Amino acid sequence: MVLTPAKPEAGKKLSFVYTGKLAKSDTEIGVDAFPENSRVIKIPVEAKYTDDKLTGSFILPDSIAAFAILVKSAGKYDNNNEQGFLYPVHKDGKPVKGAYARLGFMQTYGSGMGIKRDFTAIEKSYETEISLYPASRMRYYAELLNTRKNIKGKEESAEKQLIKLFNDSLQKGVTENNLDYIAFVASSGNKEKYDSLINVVLKKYPKGFIYQNKKINELYSINDPEKFLTAYNSLRKDFPNGFPSNVSNSLRRPLLNAYINKLDTDNFDKTIENITDNDLLVYAYNQIAFTMASADKNLPKALEYSRKSLAALNALKLTQRPPYHTADSWQDYLTYNEGNLTDTYADILYRMGNKTEALEKQYTAIRLTKASNPDINEKMVLYLLEAGKNKEALSEAENYMLKRKSNTKIDSLYKAAYTKLNGNEGWVAARNKLNSQIKEAYKKELKEKMLNEPAPDFTLNDLDGKTIQLAALKGKIVILDFWATWCGPCRASFPGMQKALNNLKANNDVQFYFVNTREAGSAEKKKETVSKFLQDNNYTFHVLMDNDNAVHDKFKINGIPAKIIIGKDGNIKFNLVGYDGNEQGLVDEMETISELLQ
């Protein structure tokens with residue numbers, strides 16, 4: 001990668017020439033640009049492929065301190081020998097304030113782009129930042145010490161210096177934000193140690209930022225609407241002159257949710273009337289409309305709310321695209337949302353007896369969501385059956401099932417459509433044929449996505465202290481599920497993973513290991529947390545403890561849950577990130593992949 005000029009500046013044109021291993025016509029070039037004080041800004045880049053090279057240009061916004069150029073083809077990044085294409089921004093030939101701090105951030109958290117977490121290189125970035133801008137020492141010194149905690153020979157000294165930094169910062173009146181971060185770093189994930197440091201801060205700032213955040217987090221954890229409102233009204237007494245704006249903004253969504261769950265439309269209306277955030281308006285109006293419809297309560301009022309959600313979405317379309325979205329991802333977000341809102345609107349019409357218009361709206365919902373949501377697809381089949389369009393209902397149901405965008409209710413509706421057209425004759429044969437087609441189509445889809453990359457070896461201990469080495473499992477199909485107890489999508493996926501584990505238990509060629517990573521606390525605390533979680537949920541998972549996140553980094557995990565599936569030859573065949581909420585789909589995925597790799 002060659003940049004012109006070599007010292008890029010914000011607000012000026014920057015050209016690049018890429019001649020690396022992914023220099024081909026289908027390669028995508030993107031830029032993740034980082035201001036010193038806010039979230040990443042994604043900059044779209046049009047690259048031209050000629051003569052075995054990719055060329056293009058872009059302009060960095062004025063606020064940018066550092067940036068990464070992302071080179072991606074077929075889901076793979078060119079990681080530039082695990083260093084990434086990372087660059088500081090300059091002004092008048094000198095790196096701007098925050099440039100090297102942001103480089104350190106990208107070097108720390110860039111594993112998803114294949115960047116190796118080299119703590120010596122990260123240390124150098126933060127040292128350079130502080131050397132260039134000594135006034136930023138108070139802000140970035142904690143980051144530097146946190147990095148040194150991971151460098152052999154510097155751990156003990158860094159721990160002591162962090163405690164000293166905390167005490168010095170407390171005496172100097174450093175902001176609570178910084179004190180909170182220093183306490184977090186100094187405690188090394190030990191909750192008791194963190195709490196003891198934070199209690200010192202709370203004595204100095206009894207109603208400050210940390211107190212507010214603590215109370216807000218407590219409120220967020222309350223699911224019962226009555227208990228939430230009791231706690232909310234109690235918190236209001238701490239702020240007789242009204243909540244600070246940051247507290248008020250943070251509590252608007254859970255407060256609205258409490259009224260939605262109670263179907264308290266009067267207080268919902270009073271709360272929402274002063275809200276101007278269109279994103280929140282879209283969510284809240286649709287959520288109360290959906291909840292009222294599901295309960296068959298005051299459907300005309302629900303329809304009114306549904307119309308308001310669509311109006312808020314139209315207003316949102318006119319606002320400036322958030323910088324963390326690309327133009328394409330923002331359009332996708334708006335389009336899918338419109339489909340989801342239209343589905344709610346159609347559902348209310350259907351419940352009110354206006355089935356003809358409901359069907360028309362559902363066609364729109366299907367088009368906008370690209371038939372990707374099984375619940376929305378289910379209603380499409382139902383409305384078609386209700387309209388007597390049995391042949392179309394059968395065709396749509398088959399299509400959703402073949403694309404694995406169905407659920408058990410669609411299965412039942414498929415049978416209903418079939419029997420209306422054909423009676424019971426031939427049903428079993430037709431269903432078996434469709435099942436075979438579904439399986440073959442899914443195998444074909446998976447084969448197209450299959451990888452063949454060497455898996456890095458590792459050795460980890462399980463909860464009983466037994467050592468498991470990946471190399472010793474060659475000849476087996478190994479399913480590694482990276483997770484943490486705090487990870488909501490991980491927890492949501494586990495009923496499906498337990499079913500998959502149970503269904504494949506008799507297959508000795510398949511081995512499941514649930515790799516606990518990025519868990520908070522000491523090694524002993526992590527073991528205690530994980531053991532309790534398994535016991536409370538009756539999961540029979542074989543858990544491996546990645547206490548230092550080293551295996552997480554070896555596999556360049558970009559987010560959890562992440563399932564790395566390794567074939568009998570020891571190579572990675574699949575890298576699956578996230579969970580879409582489809583439990584049976586997850587079970588089918590694990591079973592089909594296991595069958596494919598036999």
**Study point:** Estimated vicinal HN-Hα couplings, Hz - segment 547-558 in sequence order (Karplus 6.51, -1.76, 1.60; Gly, Pro = x)
**Key:** 5, 9, 6, 5, 6, 3, 6, 4, 8, 6, 5, 9
Practice item. Pairs of Cα atoms under 8 Å, at least six residues apart: use those to get the relative contact order of the chain, whole percent. Key: 8 percent
Check your understanding: What does the charge dipole of segment 235-319 about its Cα centre add up to, to the nearest 20 debye, if the Cβ of each Lys and Arg holds +1 and the Cβ of each Asp and Glu holds -1?
Key -> 40 debye
**Study point:** Helix 119-132 vs. the chain, principal-axis angle (Cα, 0 to 90°, nearest 10)
**Key:** 60 degrees
Revision key, fill the gap. For segment 539-598, the accessible surface attributable to carbon and sulfur atoms (probe 1.4 angstrom, ligands and nucleic acids excluded) amounts in percent to 42 percent
Study note, to complete from the structure: Here the gain from full extension of Val200 to Lys24, 0.36 nm per residue of separation minus their alpha-carbon distance, amounts to 57.6 nm
Exercise for review: Out of all DSSP beta bridges with both ends in segment 1-139, state the antiparallel percent to the nearest 5.
Suggested key: 95 percent
Exercise for review: Could you pull out every residue, at least 5 positions away or on a different chain, whose amide H is within less than 5 Å of the one on Gln83? Hs are placed 1.01 Å off N in the peptide plane, and Pro or chain starts have none.
Suggested key: Lys116
Practice item. Could you please state how large a percent of the accessible area of segment 156-315 is carbon and sulfur, counting protein chains only and using a 1.4 Å probe? Key: 48 percent
Revision key, fill the gap. For Lys91, the aspartates and glutamates lying under 15 Å Cα to Cα, once residues fewer than eight places off in the same chain are dropped, come out as Glu9, Glu36, Asp62, Glu129
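Nearest 20 debye, what's the magnitude of the dipole of segment 191-242 about its Cα centre given +1 on Lys and Arg Cβ and -1 on Asp and Glu Cβ? Before the final figure, lay out each step's value.
On the way: 10 positive and 6 negative charges, 58 e Å.
With Lys and Arg at +1 and Asp and Glu at -1, about 280 debye.
Rg to Rh for segment 444-598: what is it, with Cα atoms only and Rh by Kirkwood? Could the numbers behind the result be given before it?
Values: Rg = 14.5 Å, Rh = 15.6 Å.
Reported Rg/Rh, Kirkwood definition of Rh: 0.93.
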Exercise for review: May I ask for the equivalent-ellipsoid semi-axes of the chain, computed as the square root of five times each C-alpha gyration tensor eigenvalue and listed largest first in whole Å?
Suggested key: 42, 33, 28
Point to revise | Per DSSP, loop trypsin sites (Lys or Arg not before Pro) in segment 486-558 with at most 11 further Cβ within 10 Å | key: Lys505
Point to revise | Where only C-alpha atoms are counted, convex hull volume of segment 1-102 per residue in Å³ | key: 95 Å³
Review point. Tilt of helix 225-236 relative to the longest C-alpha principal axis of the chain, in degrees (0 to 90, nearest 10)?
Key: 30 degrees
Practice item. Determine the principal axes of the Cα atoms in segment 188-342, then give the extent along each, sorted from largest to smallest and rounded to whole angstroms. Key: 51, 39, 30
Review point. So, by mean Cβ neighbours within 10 angstrom, what's the order for 114-120, 126-132 with the highest one leading?
Key: 126-132, 114-120
**Study point:** Per-peptide average of other Cβ atoms within 10 Å, ordering 97-109, 165-177 highest first
**Key:** 97-109, 165-177
Practice item. Two decimals is fine: what is log10 I(q)/I(0) at q = 0.14, 0.20, 0.22 Å⁻¹ for segment 339-477, from a Debye sum with one equal scatterer on every Cα and no solvent? Key: -0.72, -1.14, -1.29
Revision key, fill the gap. Residue-normalised 222 nm signal for the chain, counting each DSSP H run of n ≥ 4 as -39,500 (n - 2.57), nearest 500 deg cm²/dmol, is -17500 deg cm²/dmol
Practice item. Could you pull out the pairs from Lys53/Lys97; Lys379/Lys420; Lys443/Lys476; Lys214/Lys563; Lys308/Lys415; Lys164/Lys556 whose alpha carbons sit more than 29 Å apart here? Key: Lys53/Lys97; Lys214/Lys563; Lys308/Lys415; Lys164/Lys556
Review point. Got a sec to turn the phi values of segment 207-224 into Karplus ³J(HN,Hα) couplings, 6.51 cos²θ - 1.76 cosθ + 1.60 with θ = phi - 60°, whole Hz, x for Gly and Pro?
Key: 10, x, 4, 5, 4, 4, 4, 4, 5, 4, 4, 4, 5, 4, 7, 8, 8, 6
Point to revise | Accessible-area composition of segment 1-155, carbon plus sulfur, in percent [1.4 Å probe] | key: 48 percent
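Can you tell me the order of 263-272, 356-365, 301-310, 425-434 when each peptide is scored by its average per-residue count of other Cβ atoms within 10 angstrom, highest first?
Details: 263-272: 15.3, 356-365: 18.0, 301-310: 20.7, 425-434: 11.9.
Per-residue Cβ counts within 10 Å, averaged per peptide and sorted highest first, yield 301-310, 356-365, 263-272, 425-434.
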Review point. Applying the Karplus parametrisation 6.51 cos²θ - 1.76 cosθ + 1.60 with θ = phi - 60° to the phi angles of segment 191-196, what ³J(HN,Hα) value in whole Hz is obtained for each residue in order, glycine and proline being reported as x?
Key: 4, 4, 5, 4, 4, 5
Revision key, fill the gap. Expressed in angstrom and rounded, the centroid-to-centroid distance over alpha carbons for segment 340-418 and segment 110-153 is 53 Å
Review point. Which angle between 0 and 90 degrees, to the nearest 10, do you get for helix 408-422 versus the longest principal axis of the chain when only C-alpha atoms count?
Key: 20 degrees
Revision key, fill the gap. Relative contact order in percent for segment 412-546 (Cα pairs under 8 Å, 6+ apart) equals 24 percent
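When a/c reaches 1.5 or more, the comparison of a/b and b/c decides; with that in mind, is segment 168-277 rounded, prolate or oblate per its Cα gyration tensor? Walk me through the intermediate numbers first.
On the way: a/c = 2.75, a/b = 2.09, b/c = 1.32.
Note, shape of segment 168-277 comes out prolate.
Give the residue list of GluC sites (Glu not before Pro) in segment 526-598 that are DSSP loop and have at most 10 other beta-carbon atoms within 10 angstrom. Don't skip to the end; give the middle numbers.
Values: sites: Glu528, Glu583, Glu589, Glu591, Glu595; in loops: none.
Taking segment 526-598 and a limit of 10 other Cβ atoms within 10 Å, no loop GluC sites (Glu not before Pro) are found.
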Check your understanding: What is the set of long-range amide H partners of Phe514 at a cut-off below 5 Å, with H atoms built 1.01 Å from backbone N?
Key -> Asp481, His542, Val543, Leu544
**Study point:** 1.4 Å probe accessible area per residue over the chain, in Å²
**Key:** 51 Å²
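The values are calculated or read from the model by the stated rules, or taken from the named source; none is laboratory data. Keep in mind that this is a model prediction, so the values were computed, not measured. When we count neighbours, we look across all protein chains shown, and the Cβ atoms used for this are built from the backbone with ideal geometry, even at glycine. Note: areas computed on protein heavy atoms with side chains; ligands, DNA, RNA excluded. Shrake-Rupley method; radii C 1.70, N 1.55, O 1.52, S 1.80 Å.
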